[in-house]
């Protein structure tokens with residue numbers, strides 16, 4: 001897999017990212033939506049998220065898109081390194097929308113994406129990366145195995161369905 005920080009946001013790339021986001025969500029990935037979804041449901045959120053990246057918003061945009069491309073040149077994985085908006089927190093960033101397309105899962109691409117994020121973060125002079133994940137999915141164990149430590153949780157703060165509230169888990173990795 002080939003990773004690119006700040007790839008140019010072409011209409012084709014946008015559609016590939018949107019397709020990946022939709023497929024991950026519909027495979028029960030916890031990336032901001034509850035399945036089933038269509039691209040049209042995710043599109044407004046995607047437009048706002050990508051507008052904040054240098055890929056779409058230009059060199060002054062605060063966030064950075066990291067995209068992983070498979071051998072076929074299609075988006076296989078991606079995440080956003082989001083700025084904190086504070087000079088007091090400029091030494092770390094949030095990792096948002098961390099995802100691997102379902103057809104690429106189970107082959108080590110998630111770990112490769114996290115390693116690429118570490119490299120990108122170090123190249124930006126960052127000292128740490130932080131993310132949140134949805135409890136009850138098991139993904140927190142994956143992040144822990146990649147060196148992330150749980151630093152807090154908000155119990156039952158994510159409502160995926162009536163009577164199905166999940167913890168929001170905060171995790172940090174020092175670089």
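Computed from the coordinates by the stated procedures, all read-outs in this text should not be read as laboratory data. Since the structure is predicted, the reported quantities are computational estimates derived from the model, not experimental observations. Every residue, glycine among them, receives a Cβ derived from its backbone with ideal geometry; neighbour counts consider all protein chains shown.
Any chance you could run the full-extension gain for residue 145 through residue 124? It's 0.36 nm times the residue separation minus the Cα-Cα distance, nm to one decimal. Please list the in-between numbers first.
Numbers: separation 21, 0.36 × 21 = 7.56 nm, distance 2.39 nm.
Length gained between residue 145 and residue 124: 5.2 nm.
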Burial ranking of peptide ranges 12-20, 86-94, 117-125 (average Cβ count within 10 Å, highest at the top): 12-20, 117-125, 86-94
Where labels lie 7 Å past Cα in the beta-carbon direction, separation of residue 43 and residue 89 in nm: 3.2 nm
Mean separation of Cα contacts under 8 Å (6+ apart) over length of the chain, as relative contact order %: 18 percent
Extension gain, residue 19 back to residue 160 (0.36 nm per residue minus Cα-Cα distance, nm): 48.6 nm
Label-point separation, residue 174 to residue 103 (7 Å along Cα→Cβ), nm: 4.2 nm
